[in-house]
1. Please verify whether the range 94-104 includes one or more residues that are among the basic types (Lys, Arg) and more than 22 Å from Tyr31 (Cβ to Cβ).
2. Just give me the residues in the range 206-224 being closer than 17 Å to Val196 by Cα and of a type outside the set (Lys, Arg), in sequence order.
3. What's the number of the only condition in (1) in contact (Cβ under 8 Å) with a residue 60 or more places away in the chain; (2) within 19 Å of the chain's Cα centre (by Cα) that Pro156 fails to meet?
4. Take the range 97-123 and flag every residue that is under 20 Å from the mean Cα position of the chain (by Cα) and of a type in the set (A, V, I, L, M, F, W, C).
5. Can you list the strands (runs of 3 or more DSSP E) lying wholly within the range 48-160 that have 1 or more residues being in contact with a Lys or Arg (Cβ under 7 Å, 6 or more places away or on another chain) and either buried (at least 18 other Cβ atoms within 10 Å of the Cβ) or at pLDDT 90 or above (or both)?
6. When you scan the range 184-209, how many residues do you find that are touching a helix residue (DSSP H, G or I) at 6+ places or on another chain (Cβ under 7 Å), within 23 Å of Glu226 (Cβ to Cβ) and not in a loop (DSSP other than H, G, I, E, B)?
Amino acid sequence: MTYCLGIITRHGLVFAADSRTNAGVDYISTYQKLFDFSDPGQRVILLATSGNLSITQAVLNALHQDLKLKESDNLHTLSTLYNMAQYVGNKMRHIQSQERPWLEKDRIDYHCTLLLGGQVQGEAPGLFMIYSQGNFIQATPETPFLQIGETKYGKPILDRALSFDTSLEEAAKCGLLSIDSTMKSNISVGPPIDLVKYETDSFVLRYQLKLGVGNSYLAKIRQRWEVALRQAFEHMPDIEWESAETPLEAGDSS
């Protein structure tokens, strides 16, 4: 399992991803999930992956090959992020059409999901989620984040703390807390954590971090967040119980 997150605000983009693909009592493996396909000065392109590792690696290799061979359609020639989402989705469809019968034969889950985000000269930053079927959706000011992988544990803080007007620095902290909440509840998500912050119209990635196991900043924000949550809980008003005029009926034991 994995957890990747993309956030878009009026100030730019934040991407965050864990690196754990499998976890067990005596086996943990890690693979990078966040990738940079940028052409500095012209376009910033980020891609995050979750799902079947063989499929996502094949998609990444196909994208790199098109760049290396200077194919007419590649991540450096397509004029919009929308066109890139279509292009990546088509790559995924093609690879799955080849591999799916063999994976299904052995009951192996072939599904995968990608996040594509960045900015091309002449248009605003964008963020897309590309589904296993090759279709996609786009983040909006009303829904300024997209998640893939193990999403449920890290979603509540995003729903409560994020908006399209949130500063990039606050969005980055919110993204890290979202990942930390997921790691706290699910051992299949874990470090190293890749974090990227992109400023609108800069067309270069100036802010990148890889936070490994035992990183002091990760430990600090986890400790402070847990203290803050306990303090907030302790200050919640007591429940105003009322005597029930009619007691609850006993369940039917028959």
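The values are calculated or read from the model by the stated rules, or taken from the named source; none is laboratory data. Being a predicted model, the structure only gives us computed values, none of them experimental. FYI the Cβ positions are ideal-geometry reconstructions off the backbone, even for glycines, and counts take in every protein chain you see.
1. Narrowing the range 94-104 to residues among the basic types (Lys, Arg): 100.
Then keep just the ones that are more than 22 Å from Tyr31 (Cβ to Cβ); that gives none.
There is no residue in the range 94-104 that is among the basic types (Lys, Arg) and more than 22 Å from Tyr31 (Cβ to Cβ).
2. Initially, the range 206-224 is screened for residues closer than 17 Å to Val196 by Cα, giving 206-212, 215, 217-218.
The answer is Tyr207, Gln208, Leu209, Leu211, Gly212, Asn215, Tyr217, Leu218.
3. (1)
4. Cys112, Leu114, Leu115, Leu116, listed by residue number.
5. Values: elements: 112-120, 126-130, 136-138, 145-149.
Qualifying strands (runs of 3 or more DSSP E): 112-120, 145-149.
6. Selection size over the range 184-209: 2.
Yes/no per residue for (1) within 28 Å of Ala124 (Cα to Cα); (2) out of contact with any Cys (no Cβ under 6 Å at 6 or more places or on another chain); (3) free of Cβ contacts under 8 Å to residues at least 24 places away in the same chain:
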residue	(1), (2), (3)
Thr2	no, yes, no
Lys33	yes, no, no
Ser50	yes, no, no
His76	yes, yes, no
